[in-house]
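Written out below as structure tokens is the structure these notes cover.
The values are calculated or read from the model by the stated rules, or taken from the named source; none is laboratory data. Everything numeric here is computed off the predicted structure, so don't read it as measured data. Reconstructed Cβ throughout: ideal geometry from the backbone, glycine too, with neighbour counts over all protein chains shown.
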């Protein structure tokens, strides 16, 4: 940017410096996002995934209506750290979307441990939306759906899946599933 300031009189040189600065800023932002996504959430450093999710729900509910119900099904086992971080981040994003868009009166978060998968379900009775349209519009001018795209990408990196069921006026059900890969000893 400083180089662009010094090239005020030469529009072509000024433009080249401006383009270089924008490219550098874009690359730096992408790198920062990659770094942040790689970090394990602090809430998981000293807690199990069910405890961290319960704390997330408890911290979310006093600030907002509706209150969120949380439940765990099955026998909780420590998963590989990246799987736990992925499910935690999906829960955060789902609750953020509910707060921004849903106008729900009921919200439920359920973590289910099964034989070969762990499933996080986040349900609300809010206004609902067209999930395919939201994801298609993600990143366009005024488009929403970036959170859904981020959830899907995050789950894809760990061989997980994301299912979204929603329709206008009917609420939303988000189901994130990851394979059971136990936490490594000493990890």
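Below, the figures for the structure above:
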{"read-out": "Residue match in the range 52-70 (condition: closer than 20 Å to residue 161 by Cβ, touching a helix residue (DSSP H, G or I) at 6+ places or on another chain (Cβ under 9 Å) and surrounded by fewer than 21 Cβ atoms within 10 Å (Cβ to Cβ))", "value": "no"}
{"read-out": "Residue satisfying all of: in the range 144-157; touching a residue at least 24 places away in the same chain (Cβ under 8 Å) and surrounded by fewer than 18 Cβ atoms within 10 Å (Cβ to Cβ); nearest to residue 134 (Cα to Cα) among these", "value": "144"}
{"read-out": "Subset of the range 102-143 [modelled with pLDDT under 90 and either outside any loop (DSSP other than H, G, I, E, B) or within 16 Å of residue 155 (Cβ to Cβ) (or both)]", "value": "131, 132, 133, 134, 135, 136, 137, 138"}
{"read-out": "Residue 87 vs. criteria assigned to a helix (DSSP H, G or I), under 17 Å from residue 179 (Cβ atoms) and modelled with pLDDT of 95 or more", "value": "yes"}
{"read-out": "Counted residues, the range 16-56 - those being farther than 18 Å from residue 120 by Cα, modelled with pLDDT of 80 or more and part of a helix (DSSP H, G or I)", "value": "2"}
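Residue by residue, here is whether (1) outside the structural domain of residue 119 (by TED's automatic domain parsing); (2) touching a residue at least 60 places away in the same chain (Cβ under 8 Å); (3) more than 12 Å from residue 120 (Cα to Cα) holds:
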position: 64; (1), (2), (3): no, no, yes
position: 69; (1), (2), (3): no, no, yes
position: 73; (1), (2), (3): no, no, no
position: 89; (1), (2), (3): no, yes, no
position: 92; (1), (2), (3): no, no, no
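Okay, residues lined up against (1) surrounded by fewer than 18 Cβ atoms within 10 Å (Cβ to Cβ); (2) at positive phi:
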| position | (1), (2) |
| --- | --- |
| 79 | no, no |
| 103 | yes, yes |
| 113 | yes, no |
| 118 | no, no |
